[in-house]
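Chemist: Quick one: the structure is below, and I'll ask about it shortly.
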Amino acid sequence: MNLIQTIYCSQYYELKKSGRDYTKGRTNGTVLVAAILLLIIIAVIVPYCVYVPGNGIDRMFRGTGMSGRAMGKILGLGGLALLYGILNFTAGSKSSYDRMIQQWENMSDDELKATVKKAMKIFFVAFGLFLIAMIAAFAA
C-alpha cells in the first residue's frame with residue numbers, strides 16, 4: 001500500500017469504525033492528501049525563494065502589488081484546489097477508491113489500525129518539514 005492509499009484507508013477506517021458513511025472517506029482522504037502535498041511543496045519552494053535570490057518564482061510575484069498575506073491566501077487556496085482536482089480525477093477517483101475499499105475490506109482490524117498510525121506519521125512528518133523550512137527561511 002502506497003502513502004496515498006494509506007491516507008485514504010485511514011479516513012475510510014475512522015468513518016467505518018464510528019458507524020458513519022465510509023464513502024465520505026474519499027473526500028476526506030482527498031483533502032488530506034492535497035494538504036500534505038501542499039505542505040511538502042511549500043516546504044521546498046519557500047527556502048528556494050529565500051536562499052536563491054532573483055529566481056523565477058520570486059520575479060513572478062514581485063510586481064503584483066499584493067501583500068504577502070493576500071498572496072499566500074490566494075496561492076494556498078488555489079494550490080489546494082488544484083491538487084484536490086488532480087487527486088479527485090486520479091488516485092482519489094470513484095473507481096480507484098472503490099478498488100481500494102475492496103482491498104481494505106479483506107484486511108484485519110489490526111492492519112487497518114496500523115494504517116491510521118502510519119497516516120498520522122505521514123502528516124506529522126510533512127508538517128514537521130514545513131515548520132523546519134519556514135523557520136529556516138525566516139531565520140535567514
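Chemist: Show the residue pairs that are 6+ apart or on different chains and have beta-carbon atoms under 7 Å apart, the first residue being within segment 73-92 and open to solvent by less than 70 Å² (accessible area, probe 1.4 Å), the second being among the basic types (Lys, Arg).
Modeler: These pairs meet every condition: 92/26.
A quick yes/no check of all residues on (1) closer than 26 Å to residue 134 by Cβ; (2) touching a Pro at 6+ places or on another chain (Cβ under 7 Å); (3) at pLDDT below 95:
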position: 2; (1), (2), (3): no, no, yes
position: 17; (1), (2), (3): no, no, yes
position: 21; (1), (2), (3): no, no, yes
position: 34; (1), (2), (3): yes, no, no
position: 49; (1), (2), (3): yes, no, yes
position: 52; (1), (2), (3): yes, no, yes
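Chemist: Also, quick follow-up: Determine which single condition residue 38 fails, assuming it passes every other condition in (1) open to solvent by 40 Å² or more (accessible area, probe 1.4 Å); (2) touching a Leu at 6+ places or on another chain (Cβ under 7 Å).
Modeler: (1)
Chemist: If a residue must be under 21 Å from residue 23 (Cβ atoms), open to solvent by less than 60 Å² (accessible area, probe 1.4 Å) and not small (Gly, Ala, Ser), how many such residues does segment 99-124 contain?
Modeler: Going through segment 99-124 one residue at a time, the tally reaches 7.
Chemist: Any idea how many residues of segment 91-140 are under 12 Å from residue 6 (Cβ atoms) and in contact with a helix residue (DSSP H, G or I) (Cβ under 7 Å, 6 or more places away or on another chain)?
Modeler: 10
Per-residue answers, yes or no, for (1) closer than 20 Å to residue 26 by Cβ; (2) within 17 Å of the chain's Cα centre (by Cα):
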{"residue": "75", "(1), (2)": "no, yes"}
{"residue": "78", "(1), (2)": "no, yes"}
{"residue": "85", "(1), (2)": "yes, yes"}
{"residue": "90", "(1), (2)": "yes, yes"}
{"residue": "96", "(1), (2)": "yes, no"}
{"residue": "99", "(1), (2)": "yes, no"}
{"residue": "106", "(1), (2)": "yes, no"}
{"residue": "110", "(1), (2)": "no, no"}
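The values are calculated or read from the model by the stated rules, or taken from the named source; none is laboratory data. Quick caveat: nothing in here was measured; it's all calculated off a predicted structure. Cβ coordinates were reconstructed from backbone atoms using ideal geometry, including for glycine residues, and neighbour counts include every protein chain displayed. Calculation scope for accessible area: heavy atoms of the full protein, side chains included, ligands and nucleic acids excluded. Shrake-Rupley method; radii C 1.70, N 1.55, O 1.52, S 1.80 Å.
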